[in-house]
1. Filtering segment 85-102 down to residues that are touching a Leu at 6+ places or on another chain (Cβ under 8 Å) and either in a helix (DSSP H, G or I) or without any contact (Cβ under 8 Å) to a residue 60 or more places away in the chain (or both), which residue is farthest from Pro9 (Cα to Cα)?
2. Out of all the residues in segment 129-145, which are under 14 Å from Phe35 (Cα atoms) and either touching a residue at least 12 places away in the same chain (Cβ under 8 Å) or of a type outside the set (S, T, N, Q) (or both)?
3. Among Ser16, Ser24, Ser53, which is hydroxyl-bearing (Ser, Thr, Tyr) and in contact with a His (Cβ under 6 Å, 6 or more places away or on another chain)?
4. Sort through Lys128, Lys83 and tell me the only one that's at pLDDT 95 or above and either over 15 Å from the mean Cα position of the chain (by Cα) or among the β-branched types (Val, Ile, Thr) (or both).
5. Going through segment 105-144 one residue at a time, which ones are within 18 Å of Val31 (Cβ to Cβ), not basic (Lys, Arg) and not in a strand (DSSP E or B)?
6. Examine segment 130-147 for a residue that is under 14 Å from Ala48 (Cβ atoms), basic (Lys, Arg) and touching a Cys at 6+ places or on another chain (Cβ under 9 Å), and state whether such a residue exists.
7. Is it the case that some residue within segment 111-126 is surrounded by fewer than 16 Cβ atoms within 10 Å (Cβ to Cβ) and hydroxyl-bearing (Ser, Thr, Tyr)?
8. So, in segment 32-70, exactly how many residues are under 25 Å from Met1 (Cβ atoms) and among the basic types (Lys, Arg)?
Amino acid sequence: MLREEDMAPAFSLKGSDGKVHSLSDFAGENVILYFYPKDDTPGCTIEAKDFNSILDEIAEFATVIGISGDDYDSHCRFRDKYKLKFLLLSDESHSVATAYGSYGNRGIFGRGTLRNTFLIGKNGTILKVYTKVNPLNHGKYVLNDLKAMLSKK
């Protein structure tokens, strides 16, 4: 598992906008990179809607990106159904989730993407790691942490 101050692993994945995105595309920005198990499932929907509901406020500080093993079409349906305004990336091979320590045993659900979030700083280092995330109000917790971190600088 990655830790604070580690460099965030590089990646390139297809997004819900049809383009390929790399972490390097967001250099100079703070990034909230959250891994979630599956589009349009109860917990994942709660988490996505939470981030979406405060996206305007988050956008002052960071870019939100969601990653799951779902394909492009699934992401588009999920995005459209809930009017999500942030990027969803398809990690069908689970290589990025694995690199971030976010793929493994999900108990009764078998192997899959683990619900973890990484707050990545402007220089590409990990500022904070959230593991075994409770999706309820998670976006608000991350935003509060981000505000606290930036106010110390």
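The values are calculated or read from the model by the stated rules, or taken from the named source; none is laboratory data. Quick caveat, the model's predicted, so the values are computed rather than measured. Note that we place each Cβ from the backbone using ideal geometry, even for glycine, and neighbour counts take in every protein chain shown.
1. Filtering segment 85-102 for residues touching a Leu at 6+ places or on another chain (Cβ under 8 Å) gives 85-86, 89-91, 96-97, 100-102.
Still in the running and either in a helix (DSSP H, G or I) or without any contact (Cβ under 8 Å) to a residue 60 or more places away in the chain (or both): 85-86, 96-97.
Working: Lys85: 24, Phe86: 21, Val96: 8, Ala97: 10 Å.
So the residue we want is Lys85.
2. Within segment 129-145, the first condition is being under 14 Å from Phe35 (Cα atoms), and the residues that meet it are 129-135, 138-139, 142.
Hits for segment 129-145 are Val129, Tyr130, Thr131, Lys132, Val133, Pro135, His138, Gly139, Val142.
3. Working: Ser24 fails: in contact with a His (Cβ under 6 Å, 6 or more places away or on another chain); Ser53 fails: in contact with a His (Cβ under 6 Å, 6 or more places away or on another chain).
Answer to the selection: Ser16.
4. Exactly one residue qualifies, and that residue is Lys83.
5. Start the filter on segment 105-144 by keeping residues that are within 18 Å of Val31 (Cβ to Cβ), which leaves 113, 115-131, 133, 138-144.
If we keep only those that are not basic (Lys, Arg) as well, we get 113, 116-121, 123-127, 129-131, 133, 138-139, 141-144.
Within segment 105-144, Asn116, Gly121, Asn123, Gly124, Thr131, Val133, His138, Gly139, Tyr141, Val142, Leu143, Asn144 meet the criteria.
6. no
7. Yes; the residues of segment 111-126 include at least one that is surrounded by fewer than 16 Cβ atoms within 10 Å (Cβ to Cβ) and hydroxyl-bearing (Ser, Thr, Tyr).
8. We begin by selecting, within segment 32-70, every residue under 25 Å from Met1 (Cβ atoms); these are 32-39, 41, 43-44, 46-48, 50-51, 58, 61-70.
Those left that are additionally among the basic types (Lys, Arg): 38.
Count: 1.
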